[in-house]
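One structure is given below, encoded as structure tokens.
We did not get these values from a lab; they are worked out from the coordinates using the rules stated. Just so we're clear, the structure is a prediction, and the values are computed from it rather than from any experiment. Quick reminder, even Gly has a Cβ in these numbers, built from the backbone with ideal geometry, and neighbours come from all protein chains shown.
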Amino acid sequence: MSSIPHRSERVSVCDQVLVSLRKIMQSIDMHSHTLIKRFGLTGPQLIVLREIATRGESTAGEIARAVSLGQATITGILDRLEKRNLITRWRDDADRRRIHLGITPTGERLLSDTPPLMQEAFVEAFDGIEDWEKSMILSSLQRLVTLMNARQIDAAPILATGLLDAPIDEVNETSPQGTATGGA
């Protein structure tokens, strides 16, 4: 018998955590790249477009609150959606400061072709586990955030990489290299 431990036995718990984090990041990145490549939308843009479609006529503030994004982030996303003729904006007749939003027929057609969001599948699976396991996962992730000195980062509950209101070309430029193909 060999006294050299098998490679899998030599992998530390820390390495296993890092590998798991990397897999999560790659999975999110690959899903984001698929949305961009097939539909020309980022995950956050798709979330906002779906929320507008679900609510019907609404305001930017209502959408921002519904998807847990800041007003500045929503404004950038809405600008991009409007530029692609996926939504329309118009001023309220009674209060000219209020801007209403609605989805266009082009936006409705695009939505009918898009796949479920990665976070929708996650939420469904997460809802199916026991409360004690949910608490354990949350506690572990919060501890990782602290260990990675990331507590100060303001984040929305959206599974996407990069800036949430970045244009498509910036998303492609800032994305980590090799993630879509499973590289390092």
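Lysines within cross-link reach of LYS83: Cα-Cα under 19 Å, excluding same-chain residues under 8 positions apart?
LYS37
Counting alpha carbon pairs within less than 8 Å and at least 6 residues apart, what relative contact order, in whole percent, applies to the stretch 13-174?
Relative contact order for the stretch 13-174 comes out at 29 percent.
How would you rank GLU82, GLU130, going from fewest to most other Cβ atoms within 10 Å of each one's own Cβ?
GLU130, GLU82
Dipole size in debye (nearest 20) for the stretch 13-174 around its Cα centre, Lys and Arg Cβ +1, Asp and Glu Cβ -1?
340
What are the extents of the Cα atoms of the stretch 13-174 along their three principal axes, listed from largest to smallest and rounded to whole Å?
Computed over the Cα atoms, the extents are 59, 32, 30 Å.
How far is it, in nm, from the label point at ALA94 to the one at THR75 when both lie 7 Å from their Cα along the line to the Cβ?
2.6
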